[in-house]
Amino acid sequence: MIDIKRIWDDDEEERARKLEAVKQNCRNRNAPGELEDDLDRIVALNEAQKRLLKDVELIRQRQNQVAQAVSKEKDAEKRANLVGEGKSLKTEIAALEEALRTQEKQIHTLLSRVPNFTHPDAPIGKTEDESKELRRVGTQRSFDFTPKDHIQIGKALKLIDFEAGGKVSGHGFYFLQNDAVLLELALQQFAIRSLVRHGFTPIITPDLARNSILEGIGFNPRGAETQVYSVENSDLSLIGTAEITLGGMHADEILGEAELPLKYVGLSHCFRTEAGAAGRASKGLYRVHQFTKVEMFAFTTPLASDAMHQELLAVEEEIFTALGIPYRVLDICSGDLGGPAYRKFDLEAWMPGRGEGGEYGEVTSTSDCTDYQARRLNIRYKPLEGKGTRFVHTLNGTAVALSRALIVILENYQRADGLVDVPEVLKPLVGKDVIGG
């Protein structure tokens, strides 16, 4: 949630300037057109709220005058009239305070729909095609045979069983088998150990979270547009990412500046409805309803968030470089940013079995959400100097989404004989050099 001060100013000219800047940001981010009407409503509600506050202040002043007069008044009839006026004023204040609470809820609801501001260096664009490629790392492998996709490899080596997954749980679910289990567990260990070396605290998070936490992070837990599974007759939903649970750990807390940054690496299952997802590129493990993910999350001061964002990106690159996977880094355009993200970088790894001759596909992303989530979750810190508290900045990043990491390893390390070599860094953790052999 953005600060209402980014919209409001007592000076009408400055208020108009701020309001237009927020509206333009919404346009840049491909937000629904009705958000501009919502912003106008926020301004109108805030104006009305300020008028009501003045009315309440005047009535309270009168209350104090009446209370003092009652204590001094000797005439019984006049005293009774004053007492009656005091009761009337109390009723009037209660009605105004209820109106203020209603307006505050309306402002909060409308503000929660407004996306975060956008980093000045992020490319402006409507679709993912307008994101900016920053660099390519690694060399795409030249095969002396026709490479298979991970679905073919998984079936031939009895690594992935989509048919059994569909029978037991429905389309979009699967069973990992045999060496694929060893490979996934090795990837988990490799990623978590890498993050621990970088000072991240390892955490295994719950797979369920309260809907208020999902909303605070920026997910919609209910309604036609939701991408998460909700638990009937409860206020719980299955999480789509450990970003939700890690971010919610410090909800309604005040941290000390000396504690920051807090850096967590979380392991969790992830559940996503993937409503509307279709197409050849989404087949197999690329877009599924359940997978395991190693997620990074950080709480920082505002001044430190940009450097932390670069650190998360560097860790992601380090992991995929160590795995020997070619990738490219994208600076995601404004129209493809999620609501909370101020800036987002994606890693797209080379997938030889995807499309005609191979394609890049997203394997990780990292986002700087500034104070957007912290305002919704009420996470603050107390500065070492000065009074009061400030909102922390939150950042998240995928270390490894295991399902997509399996894709790139199976496809990039496949051999002509149908087997798959294990990446060098994973051999001690897998316990063998070849998958399927």
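Readers should treat all values here as calculations from the given coordinates under stated rules, not as data from a laboratory. This structure is a prediction, so every number in the text was calculated from the model and none was measured. We place every Cβ from the backbone using ideal geometry, glycine too, and count neighbours over all the protein chains shown.
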Per the 1/(1 + (r/R0)^6) rule, R0 = 45 Å and r from the Cβ atoms of Thr273 and Glu12, FRET efficiency to 0.05 is 0.50
What lysines sit close enough to Lys167 to cross-link, taking a C-alpha to C-alpha distance under 28 Å and skipping anything fewer than 8 places away on the same chain?
Lys148, Lys155, Lys158, Lys283, Lys293
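Within a Cβ distance under 14 Å of Ile204, other residues only, what is the Lys/Arg minus Asp/Glu net charge?
-1
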Using only Cα atoms, find the angle between the long axis of helix 34-72 and the longest principal axis of the chain, and express it within 0 to 90 degrees, rounded to the nearest 10.
40
What lysines could a cross-link reach from Lys54, if we take a straight Cα to Cα line under 22 Å and drop same-chain neighbours fewer than 8 places away?
Lys5, Lys87, Lys90, Lys105
Place a +1 charge on the Cβ of each Lys and Arg in the stretch 1-148 and a -1 charge on the Cβ of each Asp and Glu, then give the dipole magnitude about the Cα centre in debye, rounded to the nearest 20.
520
Rounded to the nearest Å, the spacing of the alpha-carbon centers of the stretch 114-163 and the stretch 304-326 is 16
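Multiply the residue separation of Lys158 and Asp38 by 0.36 nm, subtract the distance between their alpha-carbon atoms, and state the gained length in nm to one decimal.
So the extension gain works out to 37.9 nm.
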Length-normalised contact order for the chain - Cα pairs under 8 Å, 6+ apart - percent:
19
Name the most mobile residue of Ala31, Ala95, Ala322, meaning the one with the largest mean-square fluctuation, in a Gaussian network model of the chain with Cα contacts below 10 Å.
Ala95
Calculate the FRET efficiency for Ile254 and Val231 from the Cβ-Cβ distance with a Förster distance of 30 Å, rounded to the nearest 0.05.
0.45
Between Arg390 and Thr91, how high is the FRET efficiency from 1/(1 + (r/R0)^6) when r is the Cβ-Cβ distance and R₀ = 41 Å? Nearest 0.05.
0.60
Under 16 Å from the Gln310 label point (7 Å along Cα→beta-carbon), backbone N, the stretch 333-348:
343-345
Could you size up the charge dipole of the chain around its Cα centre, putting +1 on the beta carbon of Lys and Arg and -1 on that of Asp and Glu, and report it in debye to the nearest 20?
780
Each label sits 7 Å from Cα toward the beta-carbon; between Thr102 and Asp75 the label points are separated, in nm, by 3.9
Do the sum for the chain: with -39,500 (n - 2.57) for every DSSP H run of n ≥ 4, divided by all residues, what is the mean residue ellipticity at 222 nm, to the nearest 500 deg cm²/dmol?
-13500 deg cm²/dmol
In vacuo Debye sum over C-alpha of the stretch 20-136, base-10 log of normalised intensity I(q)/I(0) at q = 0.16, 0.23, 0.24 Å⁻¹, listed in q order, is -0.84, -1.18, -1.23
Checked against the positive end of the charge dipole of the chain (+1 on Cβ of Lys and Arg, -1 on Cβ of Asp and Glu, about the Cα centre), the farthest of Leu182, Gly358, Ile204 is Ile204
